Protein chains: 2
Amino acid sequence: MTPAELDVTFAALADPTRRAILARLASGDASVNELAEPFEMSQPAISKHLRVLERAGLVSRGRDAQRRPRRLEARPLEAATAWLETYRKYWEANYEALDALLAEMQPGKKRTRRRKQGRTR
Amino acid sequence: MTPAELDVTFAALADPTRRAILARLASGDASVNELAEPFEMSQPAISKHLRVLERAGLVSRGRDAQRRPRRLEARPLEAATAWLETYRKYWEANYEALDALLAEMQPGKKRTRRRKQGRTR
């Protein structure tokens, strides 16, 4: 995935209605009307959100000419996850630091043992 | 994480300079001047990006009053990953569908076997 593709994917995800549309499509394809129903939002407003999702490759259109059902396309989510995963060690290091702090707060532990549990960063 | 927090996190990640700043901070804390150096960008421009990252809780400021070193805070990345992970089965279903298609394209397989490997969605 190129940086520009990551840009549009993350931007598309930065909105609660668009994330809700993806959640709805995860349970099955749906027409624009069906998607608009639960949101108390006009069809044009939903269509605008759908265009953002389509540009990001997160939603595609089915072949049924009448309904034009929208479908979830999860591949860009995988690419976004892959980018985020490269930071996993940093949030895990935070937990290790917290564990070390909690261990230090427990009474009766030897100092030499405590010293071993530092931040890994 | 609240929907509003996810909004600001994903919005903060939707920019290549901000992602590059996070990557730089992943290798160690850095002052605004140090962060601005590799980007050929003015310090005010970098500071603006840093404010977006700070609002999202992705960057914090150290105590050194002179340097005010910025530090990566990875917890919001963990929350964003957790949200994305709920869609893992959908992109994995796509791979299964691709596997099934490739299996169908291989010669010499029996039809009954092929039929078992449909899309799981």
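Kindly write out, for the range B:4-16 in residue order, the coupling ³J(HN,Hα) from the Karplus curve 6.51 cos²θ - 1.76 cosθ + 1.60 (θ = phi - 60°), rounded to whole Hz, with x marking Gly and Pro.
5, 5, 4, 3, 5, 5, 5, 5, 5, 7, 7, 8, x
Report the residue of chain A with the smallest Cβ-to-axis distance, using the rotation axis that brings A onto B, in whole Å.
Residue of A nearest the axis onto B, distance in Å: A:10, 2.
Would you count, across the protein assembly as shown, every pair of lysines whose alpha carbons are under 29 angstrom apart, provided the pair is eight or more residues apart or spans two chains?
10
If amide hydrogens are placed 1.01 Å from N in the peptide plane, which non-local residues have theirs closer than 5 Å to the one on residue A:73?
Residues meeting the amide H criterion: A:59, A:60.
Size of the dipole of chain B about the Cα centre, Lys and Arg at +1 and Asp and Glu at -1 on the beta carbon, nothing else charged, in debye to 20?
Its charge dipole is roughly 860 debye.
How many nm separate the modelled label positions at residue B:47 and residue A:60, each set 7 Å beyond the Cα in the direction of the Cβ?
Modelled inter-label distance: 4.7 nm.
Partner chain Cβ atoms within 10 Å, averaged over the residues of B:85-91 - can you pull that number for me?
6
On a 0 to 90 degree scale, rounded to 10, what angle separates helix A:75-85 from the longest Cα axis of chain A?
That helix lies at roughly 20 degrees to the long axis.
Before I look further, what does the protein assembly as shown give for accessible area per residue, probe 1.4 Å, in whole square angstrom?
Counting only protein heavy atoms, the per-residue value for the protein assembly as shown is 60 Å².
Let me spell out the model: positive unit charges on the Cβ of Lys and Arg, negative unit charges on the Cβ of Asp and Glu, origin at the Cα centre of the protein assembly as shown. What dipole size does that give, in debye rounded to 20?
920
Go ahead and run the numbers for FRET between residue B:71 and residue A:105, Cβ-Cβ distance against an R0 of 25 Å, rounding to 0.05.
0.60
Compute from the Cα atoms of the protein assembly as shown the Rg and the Dmax, the latter being the longest Cα-Cα distance, and quote both in angstrom.
Computed over the Cα atoms of the protein assembly as shown, radius of gyration and Dmax are 22.6, 73 Å.
Which distances, shortest first and in nm, link residue A:39 to the matching position in the other copies, using label points set 7 Å out along Cα to C-beta?
3.2
Find every distance from the label point of residue A:68 to the corresponding label point in the other copies (7 Å from Cα along Cα→Cβ) and write them in nm, one decimal, shortest first.
From this label point to the equivalent ones elsewhere in the assembly: 4.9 nm.
Express the Stokes-Einstein translational diffusion coefficient of chain A in µm² s⁻¹, to the nearest whole number, given a Kirkwood radius over alpha-carbon pairs, 20 °C and a viscosity of 1.002 mPa s.
123
With runs of 4+ DSSP H residues as the only contributors, calculate the mean residue ellipticity of chain B at 222 nm using -39,500 (n - 2.57) per run, divided by the residue total and rounded to the nearest 500. Numbers along the way, then the final one.
Numbers: 7 runs with 75 residues, N = 121.
Rounded to the nearest 500, the figure is -18500 deg cm²/dmol.
Placing unit charges on C-beta atoms (Lys and Arg positive, Asp and Glu negative, everything else neutral), compute the dipole magnitude of the range B:43-86 about its Cα centre in debye, rounded to 20. Intermediate values should be presented prior to the final figure.
Values: 10 positive and 5 negative charges, 80 e Å.
The dipole of the range B:43-86 has a size of about 380 debye.
Which is farthest toward the positive dipole end of the range A:1-105 among A:1, A:86, A:58, measuring Cα position about the Cα centre, with Cβ charges +1 (Lys, Arg) and -1 (Asp, Glu)?
Result: A:58, furthest along the dipole toward the positive end.
Chains B and A: what accessible area do they bury, summed, in square angstrom to the nearest 100, with a 1.4 Å probe?
About 3100 Å² of accessible surface is lost on pairing.
Could you check how much of the accessible area of the range A:1-95 is carbon and sulfur, as a whole percent, using a 1.4 Å probe?
Here carbon and sulfur together make up 48 percent of the probe-accessible area.
The values are calculated or read from the model by the stated rules, or taken from the named source; none is laboratory data. Keep in mind that what you see is a predicted model, and the values were worked out from it rather than measured. With ideal geometry, Cβ positions are generated from the backbone for all residues, glycine too; neighbour counts draw on all protein chains shown. The area values use the complete protein model at the heavy-atom level, side chains included, leaving out ligands, DNA and RNA. Shrake-Rupley method; radii C 1.70, N 1.55, O 1.52, S 1.80 Å.
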